[in-house]
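I have placed the structure first, in the form of structure tokens, so that the comments after it can refer back to it.
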Amino acid sequence: MSPLLILVVALLVIVLVTVRQCQERPAKGISWLILIVVVGGLSIERAWGVFANPPVSSMWLALAAVAGLLAGTLIGFARGKMAFLRIDPRTGIAYSRANVLSIIIWLLLLVLRVAVLAVPPSLQYTSALFALAAMAMNTLFLSNLASERATVFWRASTVPSKEEQLPQSQLY
């Protein structure tokens with residue numbers, strides 16, 4: 001495949017995912033796991049290459065991974081708390097969509113992730129700084145996605161269902 005075609009496909013996927021974040025979708029279900037599994041697979045593959053021939057101590061790589069994991073979890077939790085939730089009054093199903101700030105944060109993290117992936121592997125295997133940045137971005141992006149979706153799912157599951165809600169006459 002030509003590099004131009006890969007770039008066009010990647011840009012179309014980014015536009016599609018960004019547009020999907022602006023649309024309401026059911027907050028419950030396991031469909032959000034698909035993206036996490038795909039990104040997780042890519043992250044593990046990249047991390048495996050860095051760990052196979054590390055330019056720095058494996059301890060420093062593990063610390064960078066943990067730092068990225070913690071930062072990504074906090075960012076994802078904040079993004080999950082920013083999401084709009086709407087309960088359909090007829091069905092009681094919770095729907096969520098991201099707000100503008102959350103999408104901007106996601107796009108910035110995506111640009112950082114792509115920038116780290118664009119660094120040639122030979123440089124990641126010889127430069128300590130790039131190896132640590134790659135490891136931190138691997139776990140940061142993945143934990144951001146996972147914690148954001150988990151937070152939205154948790155928020156939606158704590159909303160009482162239609163059967164659990166009190167009738168209007170009993171709210172006083």
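Just give me the residues in region 84-103 being surrounded by 12 or more Cβ atoms within 10 Å (Cβ to Cβ) and either of a type in the set (Ser, Thr, Tyr) or within 21 Å of residue 13 (Cβ to Cβ) (or both), in sequence order. First the steps, then the outcome.
Within region 84-103, the subset surrounded by 12 or more Cβ atoms within 10 Å (Cβ to Cβ) is 84-88, 92-99, 102-103.
Those that are surrounded by 12 or more Cβ atoms within 10 Å (Cβ to Cβ) and either of a type in the set (Ser, Thr, Tyr) or within 21 Å of residue 13 (Cβ to Cβ) (or both): 95, 96, 97, 98, 102, 103.
For region 94-109, indicate whether the set of residues that are touching a strand residue (DSSP E or B) at 6+ places or on another chain (Cβ under 7 Å), closer than 19 Å to residue 20 by Cβ and at pLDDT below 85 is non-empty. Break it down stepwise before answering.
Just the residues of region 94-109 that are touching a strand residue (DSSP E or B) at 6+ places or on another chain (Cβ under 7 Å), to begin with: 94-97, 99.
Filter again for closer than 19 Å to residue 20 by Cβ, leaving 94-97, 99.
Within this subset, residues satisfying the condition of being at pLDDT below 85 are 94.
Yes - at least one qualifying residue is present in region 94-109.
Condition check ((1) within 16 Å of the chain's Cα centre (by Cα); (2) closer than 30 Å to residue 58 by Cβ; (3) touching a residue at least 24 places away in the same chain (Cβ under 8 Å); (4) in a helix (DSSP H, G or I)) across all residues:
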site	(1), (2), (3), (4)
101	yes, no, no, yes
110	yes, yes, yes, yes
122	no, yes, no, yes
131	no, yes, yes, yes
138	yes, yes, yes, yes
145	yes, yes, yes, yes
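Given the conditions (1) modelled with pLDDT under 70; (2) assigned to a helix (DSSP H, G or I), which single one is not true for residue 30?
(2)
Residues in region 84-122 that are under 24 Å from residue 138 (Cβ atoms) and among the small types (Gly, Ala, Ser): how many?
5
On the basis of being crowded, with 17+ Cβ neighbours inside 10 Å and closer than 16 Å to residue 20 by Cα, does residue 113 make the cut?
Here the answer is no, as residue 113 does not meet what is asked.
The values are calculated or read from the model by the stated rules, or taken from the named source; none is laboratory data. All of these numbers come straight from a predicted model, not from anything done at the bench. Cβ sites come from the backbone with ideal geometry, for glycine too, and all protein chains shown count toward neighbours.
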